[in-house]
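Below: the structure, in structure tokens.
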Amino acid sequence: MKGIFLIIFSLLSLQAMAQSGVIKGQVLERIRNEPIPSSNVIIQDSEIGAVTDLDGKFEITGLKPGLYNLVASFVGFESQVLFEIEVSNARTAMVEFRLKEITRDLDAVSITASPFADLDESPLSVRTIGTNEIKRAPGGNRDISQVVRNLPGVASTVSFRNDIIVRGGSPNENSFYLDGIEVPVINHFQTQGSSGGPVGIFNVDLIREVDFYSGAFPANRGNTLSSIFEFKQKDGRDDKLAFNGILGASDVGVTLEGPVGPNSTFILSARRSYLQFLFSLLELPFLPTYNDMQFKYKHKFNSKNQLTILGIGAIDNFQLNEDAEDTEQNNYILNFLPITEQWNYTVGLKYERFRDNGFSTFVLSHNQLNNRALKYQNNDDSSEDNLIQRYNATESEVKVRVEDYFTAGPWKINLGINYEYAEYNVADFNRAVTQQGVIIRDFSSLIGLNRWGAFGQISRGFIDDRLTLSLGVRADANDFSEDMNNLTEQFSPRFSASYALSNKFSFNFNTGIFYQLPPYTVLGYRDNNTGILENRENGVRYIQSDHVVAGLEYRLPSNARVTLEGFFKKYSNYPFLLEDSISLANLGADFGVIGNAPVTSGSEGRSYGLEFLWQQRLFKGFYGLAAYTWVRSEFTDRNGDFVPSSWDSRHIVSLTGGKKLPANWEIGIRWLFSGGAPFTPFNVAETVRRTNWDVRGFGVPDFRMLNTMRTSAFHQLDLRIDKKYFFERWSLNVFFDIQNAYNFQTRLQDNIDVVRDGNGNPVPNPEMTDFYIPRFVDNLAGTILPTIGIIVEL
């Protein structure tokens, strides 16, 4: 016992001795990328700081380990705040400011740092999330897809998936960019044709911040209807090698970063899950294994030219555990889950060239997704007669984007073009149960697709920059069909306006027409018999969504703001599934592959609502966020009537807060609420019809009653406690996280099964021998999930 106290005392003594944190960085002009000498860099609400040298560089020393907000300012430039810079004795904190020049003439300049980004092109519906906000979020498991649920307009799903549902839109309406390079897949076990999955791929230790757009998309970002995520990575350290290791809730990971010569840096991470071992010990019916890797290399030729090369990828395997405990729930899951194997990657380079009045960007990238699924009846693979599903598909894309941003007096102009070549290759055998009964889908398809587009945006401030207007246009086309190869058919204008009623109060507005290409699974579907691309013959088109958004923003003292926004989205040309007579938007969240079926572009939809947000960024150790959304989402049914979509949550609430305490303790809390989600009841007779059940042993929806029922409301409380130790050459963070602390269980749609005999075989109905006897199984979601994590930095 004495030895233990001696070790603890020694550690605490080391911690007390180590108070020599350092922040180093550079202040640059945003457009020209030139250093700003003699600028002031101070720690917010303090007199501690530094002045930059001729190269715009600065260094602040002698800091106590912890989190700091840093402010950079210079006369004639808008000041900038970098939030929650993490300082430790183990490594120097590296930062970079990029200040925006003030174009109007001023007799006197009073620099006041704004804690929130001001974007001329997108004056509303944009939120910025810092890396520490992601890391410490209660229940977030260091996963951005989980943390974004804190924001207004984003619905929470009850299931284990990371589906991102924004303002009533489906999960496949989102786009993701990493340092300006598009990354189609951001989740392990990705749903092909959508964006969901149970675990995120991005390693938060490589992320600097994330800009989340739920509307008002800039013109240089196309092919999206509901949201855009702009992930911005950190640069690797330029002074020495550094190491980070983490043992988290479901995986173990390492990060390495450092210099590569005098002008180059790198940062690299790799992670591997250990869920498969835990699930095996718990005798769960499935065993997921995932691996991912992420890297970034940056070379600065000089102050005017720089090159970034990055990559991200994942390898996922999903096996069945037939040795799992023989329970009703496990047997039900084993009955329909396939074995899956998936891998994906994105690699890309970005070259930037700066000049006096602007900069040019060249982006080249390649991404690929490989998806395999296999299922045999009763999981018996001894005979092809038992084969239910064999799916092999590959999607690959090569993308080029060239754009130029420049100023001409008070005007800000962005112009660009883009080109993509996509290839989709699929072999699909599937015994599917539809409203028409059992059908066999058995086809192979290979398509090549050329896509091209152009865009431009112009912005300017008026009335001493109190009024800011921005007009953007883009147009997209491809050679899949005559219906989509004309740029003017996908002409996409957008307009934004922002008027500052005072220094703290502003009115913001945006409207636009946005387009998105249907999934490749839709485009590549072929008729079994004729081999034709059936959906091309059906006249499938780009999906269109018209947006109108307006809102008020009031900025409070001490890094806080309040916003109120109203939105309306109108959908047209949405894919409509002919076999099931429903819109693709109504398939729900728990699907493996979507769109590989005959469709038309005949569905319409709409979503509308109100969002309220109060946000407090870190101030005197406190941070918090309160968001409420009222939303309605509706799509047309087989009769052309609007009915609630699968994403019609009605009411969404998020309450998040935390406090940094003495001795490097921190506590955080999050409460989420989402109204019950609509679902379609089962057609019990068709489900237990023996010819149907023997093929697919799960419920057949009755789409004549599309989304006429709802699950119970979902809510959960998440708690987190962090304790950090700082030593001379390393630091340690231990955290305890509890998801769903009061163990709330949401009642979902009951699972449907059939009565079985002692050997587990279905029992025919003695009165109707063509049918089995149905039985329903309670389907409750939600369990308390405690986690202990360890993070070591060297």
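Structure values in brief
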{"read-out": "Residue check, residue 383 without any contact (Cβ under 8 Å) to a residue 12 or more places away in the chain, surrounded by fewer than 19 Cβ atoms within 10 Å (Cβ to Cβ) and of a type in the set (Gly, Ala, Ser)", "value": "yes"}
{"read-out": "Residue list for the range 200-247, filter: free of Cβ contacts under 8 Å to residues at least 60 places away in the same chain, open to solvent by 10 Å² or more (accessible area, probe 1.4 Å) and under 15 Å from the mean Cα position of the chain (by Cα)", "value": "230, 232"}
{"read-out": "Residues that are among the β-branched types (Val, Ile, Thr), surrounded by fewer than 18 Cβ atoms within 10 Å (Cβ to Cβ) and closer than 30 Å to residue 403 by Cβ, drawn from the range 310-358", "value": "347"}
{"read-out": "Residue within the range 746-768 that is open to solvent by 90 Å² or more (accessible area, probe 1.4 Å) and under 26 Å from residue 249 (Cα atoms) present", "value": "yes"}
{"read-out": "Qualifying residue in the range 172-191 (condition: among the acidic types (Asp, Glu), within 29 Å of residue 362 (Cβ to Cβ) and in a loop (DSSP other than H, G, I, E, B))", "value": "yes"}
{"read-out": "Unique residue being within 31 Å of the chain's Cα centre (by Cα), free of Cβ contacts under 8 Å to residues at least 40 places away in the same chain and either closer than 27 Å to residue 226 by Cα or crowded, with 22+ Cβ neighbours inside 10 Å (or both) when the list is 510, 485", "value": "485"}
{"read-out": "Residue that is nearest to residue 32 (Cα to Cα) [pool: residues in the range 408-422 that are small (Gly, Ala, Ser) and open to solvent by less than 40 Å² (accessible area, probe 1.4 Å)]", "value": "416"}
{"read-out": "Failed condition for residue 521, given (1) open to solvent by less than 40 Å² (accessible area, probe 1.4 Å); (2) closer than 30 Å to residue 428 by Cβ; (3) not in a helix (DSSP H, G or I)", "value": "(3)"}
{"read-out": "Given (1) surrounded by fewer than 20 Cβ atoms within 10 Å (Cβ to Cβ); (2) on the phi < 0 side of the Ramachandran plot; (3) free of Cβ contacts under 8 Å to residues at least 60 places away in the same chain, number of the condition residue 405 does not satisfy", "value": "(3)"}
{"read-out": "Cβ-Cβ under 7 Å pairs, at least 6 apart or on other chains, the range 39-54 side more than 14 Å from residue 73 (Cβ to Cβ), far side outside any strand (DSSP E or B) and open to solvent by less than 70 Å² (accessible area, probe 1.4 Å)", "value": "53/37; 54/37"}
{"read-out": "Residue list for the range 283-330, filter: part of a loop (DSSP other than H, G, I, E, B) and at pLDDT 90 or above", "value": "304"}
{"read-out": "The one condition in (1) out of contact with any Asp or Glu (no Cβ under 9 Å at 6 or more places or on another chain); (2) within 27 Å of residue 191 (Cβ to Cβ) that residue 450 fails to fulfil", "value": "(1)"}
{"read-out": "Residues of the range 322-371 satisfying the condition of being in contact with a strand residue (DSSP E or B) (Cβ under 9 Å, 6 or more places away or on another chain) and of a type in the set (Val, Ile, Thr)", "value": "333, 339, 340, 346, 347, 361, 363"}
{"read-out": "Residue ID - nearest to residue 265 (Cα to Cα), chosen from residues in the range 161-199 that are of a type in the set (Phe, Trp, Tyr) and within 11 Å of the chain's Cα centre (by Cα)", "value": "177"}
{"read-out": "The range 388-402, residues that are of a type in the set (Val, Ile, Thr) and either on the phi > 0 side of the Ramachandran plot or open to solvent by 40 Å² or more (accessible area, probe 1.4 Å) (or both)", "value": "398, 400, 402"}
{"read-out": "Yes/no for residue 434 being hydroxyl-bearing (Ser, Thr, Tyr) and either under 30 Å from the mean Cα position of the chain (by Cα) or under 30 Å from residue 100 (Cβ atoms) (or both)", "value": "no"}
{"read-out": "Check on residue 776, under 30 Å from residue 709 (Cβ atoms), aromatic (Phe, Trp, Tyr) and surrounded by fewer than 17 Cβ atoms within 10 Å (Cβ to Cβ)", "value": "yes"}
{"read-out": "Count of residues meeting criterion [without any contact (Cβ under 8 Å) to a residue 24 or more places away in the chain and under 29 Å from residue 479 (Cβ atoms)] in the range 537-577", "value": "2"}
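The values are calculated or read from the model by the stated rules, or taken from the named source; none is laboratory data. In this text the structure is predicted, and so the values were computed from the model without any measurement. Cβ atoms come from the backbone with ideal geometry, glycine included; neighbour counts cover every protein chain shown. Quick note on the areas: whole protein, heavy atoms, side chains included, nothing else; ligands and nucleic acids left out. Shrake-Rupley method; radii C 1.70, N 1.55, O 1.52, S 1.80 Å.
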